[in-house]
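So the structure is just underneath, and the comments pick up after that.
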Amino acid sequence: MEQGVTLILNSLTLISILVLVSLGLAIIFGLMNVINLAHGEFVTIGAYTLALTQAMGGNYWVALVMAPLIGAMFGLLIEKGMIRYLYEKPTSIILATWGLGMVLQQGLQLVFGAAPQRVSSPISGAVDILGASYPAYRLMLIGFSILIILACYALLRFTRFGLDIRAVIQDRSMASALGIDTERVNARAFALGAALAAIAGVLIAPLTVVIAQMGINYLARSFFVVIVGGIGGVGGVVAGSTLVGGLEGFMNYHLPVTVSQALVLVAAIVIVRFRPRGLVPA
């Protein structure tokens, strides 16, 4: 019983991490069809925001508020200064964002050094759940993930901004003809995606090693989640994260990590073969 509860909670933790990282990418990829290879670096920026805040005497909650603001600012500057000039050049976007990711990595390493940054979680200890002792911070991460999913769903479903985003995703030309400022929507959506990634960085930081290259670990799997789940919707991200995170979390208990990740990849390829628009298409 105890092992089963731990397995379920570990899978939920992995699913929550994938949801947090992939939400922003789903908005950017689904809306603008931009393959942003620098998305992982926005996660890193969030983690370094926590490290810097705590090094200066601030607490975790201050960093959790500051990180999305910093991420949105970077996202807005990058969209206005680079991305918007490359929308009709998908290959150039891939190269440009790959180069941007390298610049951000090296910049963080020059400023903060190559050594891992020290961060601490706001809560410690463990909680007893059905006989299993589980870290309280991981439970908090799961709870925050649920809140962020609900907030994103409400934003996309019940606000004018969300309506504009959904309209542009479905038919950009028609949305523009109906008077929607697609450039403005693109800029705000890119900033939102960067802000969500920065929030993910703060939440993930206490569970991993905070270094300039940490975002690379999440980039491939976040694209994987978005493609498998379905582009452009919160439901697709949740479905994709549940499939990838659930399978990987379960198989990690019985198989080496590399083998479990390979099997998850095979399962996802089969799913995409029969459902090319994803599990929950927008």
### Task
Tell me, please, whether a residue that is buried (at least 23 other Cβ atoms within 10 Å of the Cβ), among the acidic types (Asp, Glu) and either modelled with pLDDT of 85 or more or assigned to a helix (DSSP H, G or I) (or both) can be found in the range 39-52.
yes
#### Entry: Those residues of the range 235-260 which are out of contact with any Ser or Thr (no Cβ under 8 Å at 6 or more places or on another chain) and crowded, with 17+ Cβ neighbours inside 10 Å, in sequence order
Gly235, Gly236, Val238, Ala239, Thr242, Leu243, Val244, Ser260
### Task
Please state which one of Arg138, Arg118, Arg160 is surrounded by fewer than 14 Cβ atoms within 10 Å (Cβ to Cβ), at pLDDT 85 or above and under 15 Å from Leu207 (Cβ atoms).
Arg118
### Query
If you go through the range 21-38 one residue at a time, how many are more than 21 Å from Arg277 (Cα to Cα) and part of a helix (DSSP H, G or I)?
0
### Task
Could you check, for the range 187-198, whether at least one of its residues is among the small types (Gly, Ala, Ser), out of contact with any Pro (no Cβ under 9 Å at 6 or more places or on another chain) and at pLDDT below 80?
no
#### Entry: Members of the range 261-280 that are surrounded by fewer than 17 Cβ atoms within 10 Å (Cβ to Cβ) and either in contact with a Gly (Cβ under 7 Å, 6 or more places away or on another chain) or among the small types (Gly, Ala, Ser) (or both)
Ala262, Ala267, Arg277
### Task
Among the residues of the range 53-72, write down those that are surrounded by 15 or more Cβ atoms within 10 Å (Cβ to Cβ) and either among the hydrophobic types (A, V, I, L, M, F, W, C) or farther than 18 Å from Ala205 by Cβ (or both).
Val62, Ala63, Leu64, Met66, Ala67, Ile70, Ala72
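If you go through the range 166-191 one residue at a time, how many are part of a helix (DSSP H, G or I), of a type in the set (A, V, I, L, M, F, W, C) and touching a helix residue (DSSP H, G or I) at 6+ places or on another chain (Cβ under 6 Å)? Give the steps one after another, and end with the answer.
So in the range 166-191, the residues part of a helix (DSSP H, G or I) come out as 166-170, 172-177, 182-191.
Keeping just the survivors that are of a type in the set (A, V, I, L, M, F, W, C) gives 167-169, 174-175, 177, 185, 187, 189-191.
Of the ones still in play, those that are also touching a helix residue (DSSP H, G or I) at 6+ places or on another chain (Cβ under 6 Å) are 167-169, 175, 185, 187, 189-191.
Looking only at that region, the number is 9.
Here are some residues: Leu150, Leu139. Which one is over 30 Å from Leu110 (Cα atoms) and either touching a residue at least 12 places away in the same chain (Cβ under 8 Å) or in a strand (DSSP E or B) (or both)? Walk me through how you get there before you give the answer.
Details: Leu150 fails: either touching a residue at least 12 places away in the same chain (Cβ under 8 Å) or in a strand (DSSP E or B) (or both).
That would be Leu139, the only listed residue that is over 30 Å from Leu110 (Cα atoms) and either touching a residue at least 12 places away in the same chain (Cβ under 8 Å) or in a strand (DSSP E or B) (or both).
Determine whether Met102 is within 13 Å of Val34 (Cα to Cα), modelled with pLDDT of 85 or more and aliphatic (A, V, I, L, M). Talk me through it step by step, then tell me what you get.
Values: within 13 Å of Val34 (Cα to Cα): no; modelled with pLDDT of 85 or more: yes; aliphatic (A, V, I, L, M): yes.
So Met102 does not fit the description; no.
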### Query
Which of the residues that make up the range 56-78 are over 18 Å from the mean Cα position of the chain (by Cα) and either of a type outside the set (Gly, Ala, Ser) or modelled with pLDDT of 90 or more (or both)?
Met56, Asn59, Tyr60, Trp61, Val62, Leu77
### Check on Ala220, out of contact with any Ser or Thr (no Cβ under 9 Å at 6 or more places or on another chain) and closer than 18 Å to Leu23 by Cβ
yes
### Task
For Gly236, state whether it is of a type outside the set (Asp, Glu), touching a residue at least 60 places away in the same chain (Cβ under 8 Å), out of contact with any strand residue (DSSP E or B) (no Cβ under 9 Å at 6 or more places or on another chain) and under 17 Å from Tyr218 (Cβ atoms).
no
### Odd one out for Val103 among (1) touching a residue at least 40 places away in the same chain (Cβ under 8 Å); (2) loosely packed, with under 15 Cβ neighbours inside 10 Å; (3) more than 18 Å from the chain's Cα centre (by Cα); (4) in a helix (DSSP H, G or I)
(1)
### Query
What are the residue pairs meeting all of these: first residue in the range 176-199, first residue among the basic types (Lys, Arg), second residue in a helix (DSSP H, G or I), Cβ atoms under 7 Å, and 6 or more apart or on different chains?
Arg188/Phe161
#### Entry: Residue count, the range 69-97 (criterion: out of contact with any helix residue (DSSP H, G or I) (no Cβ under 8 Å at 6 or more places or on another chain) and farther than 20 Å from Ala47 by Cβ)
9
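The values are calculated or read from the model by the stated rules, or taken from the named source; none is laboratory data. Here the structure is a predicted model, which is why all the values come from computation and not from measurement. As a convention, Cβ positions derive from the backbone with ideal geometry for all residues, glycine included, and neighbour counts pool all protein chains shown.
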